[in-house]
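Quick notes on the structure that follows.
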Amino acid sequence: MKILAIVGSPRLNGNTNFLVDQALDEAAKLGAETEKIVLSQHTVNPCLGHENCASLESCTQKDDAGGIIDKFYEADGVILGSPVYYYNVTAQMKAFMDRNFFLYNKNRLARARVVGIIVVAEAEGIEDTLHTLHQFIDSVCQVGKSQRFVVSGYANRPGDAQKNTQLVKEARELGQKLAESLR
Ligand SMILES: Cc1cc2nc3c(=O)[nH]c(=O)nc-3n(C[C@H](O)[C@H](O)[C@H](O)COP(=O)(O)O)c2cc1C
């Protein structure tokens, strides 16, 4: 079983990346093959919006999005992790989401059977951000709400999430639940 995590925070030492690592660590302990893609370490351009996807063999943009999306579509379980930026996902996560439009246009669905969502904010906007991510999941795969595991909490400076023992526990449990659901 393969679990792929997509991280939308540009801070490698940040809270989202840390919590996603916690989840993946637990999933790996239960036998999952895990991989994490930090979007800011790759080139994922915004969608160009020509809406010719259906007539094209492949996306016209030659960046890293195609390879990342292929992995995303093939994973048994996926985790989406994003901080809240202005009441929503980060630009990196939004670009990734929009680039999925190519396969959406071809009526292709990701094969994930279970989804984890991790969202971190300083103070406000978690509900809006979760709504965005749930709507995205609704359009890319057939994973119902009962097979989605969500962790969200408050943290701001790098290291804040580490000090929040409840948040760390919840992230680790999310990883366990994903792996157990795939057994
Ligand atoms: C551009 C920008 C916009 C932000 N917007 C919000 C916001 O709307 N609500 C909020 O509570 N925190 C906001 N934050 C704070 C981050 O969500 C917070 O620092 C979070 O811990 C960052 O996660 P990371 O450490 O994983 O990068 C914003 C931060 C940045 C840099």
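Exactly one residue among GLN61, GLN22, GLN92 is over 25 Å from PHE149 (Cβ atoms) and surrounded by fewer than 24 Cβ atoms within 10 Å (Cβ to Cβ), and that residue is GLN61. Residue pairs whose Cβ atoms lie under 6 Å apart, sitting 6 or more positions apart in sequence or on different chains, and linking a residue in the stretch 93-110 that is free of Cβ contacts under 8 Å to residues at least 12 places away in the same chain to a partner that is surrounded by 21 or more Cβ atoms within 10 Å (Cβ to Cβ) and not hydroxyl-bearing (Ser, Thr, Tyr), do not occur here. Only residues that are in a helix (DSSP H, G or I), buried (at least 20 other Cβ atoms within 10 Å of the Cβ) and among the hydrophobic types (A, V, I, L, M, F, W, C) were counted in the stretch 138-181, giving 7. For TYR73, the conditions (1) of a type in the set (Ser, Thr, Tyr); (2) part of a loop (DSSP other than H, G, I, E, B); (3) surrounded by 11 or more Cβ atoms within 10 Å (Cβ to Cβ) all hold with the exception of (2). Scanning the stretch 116-145 for residues that are under 25 Å from ASP70 (Cα atoms), out of contact with any strand residue (DSSP E or B) (no Cβ under 6 Å at 6 or more places or on another chain) and not hydrophobic (A, V, I, L, M, F, W, C) returns HIS131, HIS134, GLN135, ASP138, SER139, GLN142, GLY144, LYS145. For the stretch 117-160, the set of residues classified as in contact with a Gly (Cβ under 7 Å, 6 or more places away or on another chain) and either farther than 26 Å from ASP98 by Cα or of a type in the set (Asp, Glu) (or both) consists of PRO158 only. You will find that of ILE37, ILE3, the residue that is away from the ligand (no atom under 16 Å from the Cβ) and either among the aliphatic types (A, V, I, L, M) or in contact (Cβ under 8 Å) with a residue 24 or more places away in the chain (or both) is ILE3 and no other.
Checking the structure you have, find out if any residue of the stretch 25-34 is buried (at least 18 other Cβ atoms within 10 Å of the Cβ), touching a residue at least 60 places away in the same chain (Cβ under 8 Å), within 16 Å of the ligand (Cβ to nearest atom) and in a helix (DSSP H, G or I). Among the residues of the stretch 25-34, not one is buried (at least 18 other Cβ atoms within 10 Å of the Cβ), touching a residue at least 60 places away in the same chain (Cβ under 8 Å), within 16 Å of the ligand (Cβ to nearest atom) and in a helix (DSSP H, G or I), which makes the answer no. Only residues that are surrounded by 13 or more Cβ atoms within 10 Å (Cβ to Cβ), more than 22 Å from ARG183 (Cα to Cα) and either under 13 Å from the mean Cα position of the chain (by Cα) or not polar (S, T, N, Q) (or both) were counted in the stretch 105-126, giving 7.
All of the numbers you see were taken from the coordinates with simple rules; none came from a lab. Since the model is a prediction, treat every value here as computed from it, not as a measurement. Virtual Cβ from ideal backbone geometry, glycine too; neighbours counted across all protein chains shown.
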